[in-house]
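As structure tokens, the structure follows; a few thoughts come after it.
Coordinate-derived values only; no laboratory data. Remember, it's a predicted structure, so these values are computed and weren't measured experimentally. As a convention, Cβ positions derive from the backbone with ideal geometry for all residues, glycine included, and neighbour counts pool all protein chains shown.
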Amino acid sequence: MELKGDRRGLHLLATDLSNEDGLVDDLVKTLNARHNFLGTAAIYLEVNLPLTPSLFQRVAEVFSTFPNLTLKGIIQTDPSSVIPLEAKKPASPPLIVRHTVRSGQQIMHQGDIIVIGDVNPGATIIASGDVMVFGWLRGTIYAGQPQDRSRHIYALRLQPAQIKIGDVMALGDGHGEKPEYAHIEEGTVVVQSWDDVRLPEVVTLESKNRRMERRASHLSH
């Protein structure tokens with residue numbers, strides 16, 4: 001892989017690799033060879049592969065083994081396609097999803113994700129912030145990506161196939177029958193009862209605004 005710098009920062013170029021396995025192998029070799037030279041650099045990884053959740057996860061896992069380095073983002077060869085990864089606080093408002101997330105669907109957002117509906121088996125959600133599911137959570141959920149362990153995953157029925165908070169991963173056991181939330185304690189995913197279940201204000205305010213807009217539109221006609 002080549003290194004270059006521009007006004008946004010330092011870039012690792014992986015644009016001549018045709019699959020994820022080759023990219024990950026080359027990334028590990030490059031960082032092993034150059035991490036002393038790179039010091040505490042913040043790095044963008046530039047690729048010509050689709051920006052999939054699998055790529056997101058595997059690259060973040062490689063960087064987690066080099067704690068002095070920061071993965072700033074993954075960029076496709078199209079410079080407008082960027083997944084920003086470095087953020088301790090959400091960089092944008094919560095993404096509100098008002099439908100069931102079905103198998104094969106993938107939702108990624110730099111911030112919190114709130115789902116008003118179920119997350120079915122085979123669905124994937126990746127957020128840099130918290131994830132709240134007001135329904136049945138049975139898919140794969142990543143919160144606090146790539147390395148923010150302070151984030152939480154909430155659900156009315158927490159039965160995930162897999163969850164990951166920051167760089168800590170756990171498999172679901174299929175036993176969640178009541179509102180619960182997952183968080184990190186001493187490097188381990190811990191599940192506790194979610195006692196204060198309520199829709200966030202951003203959701204109720206959005207609903208109120210939508211009703212007012214519909215009413216105004218109706219009166220104008």
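Tell me which residues come under 5 Å, amide H to amide H, from residue 101 once H is placed; ignore anything under 5 positions away on its chain.
Sorted by chain and number, the residues that satisfy this are 118, 119, 120.
Can you tell me the order of 61-74, 182-195 when each peptide is scored by its average per-residue count of other Cβ atoms within 10 angstrom, highest first? Intermediate results must be reported in sequence, preceding the final value.
Values: 61-74: 16.9, 182-195: 13.9.
Going from most to least packed, we get 61-74, 182-195.
What aspartates and glutamates does residue 72 reach when the alpha-carbon gap must be under 12 Å and sequence neighbours fewer than 8 apart in one chain are set aside?
Qualifying aspartates and glutamates at Cα under 12 Å: 46, 86.
Give the Rg (one decimal place) followed by the Dmax (whole number) of segment 88-206, computed from C-alpha coordinates and expressed in Å.
Reported Rg and Dmax, both Å: 12.7, 37.
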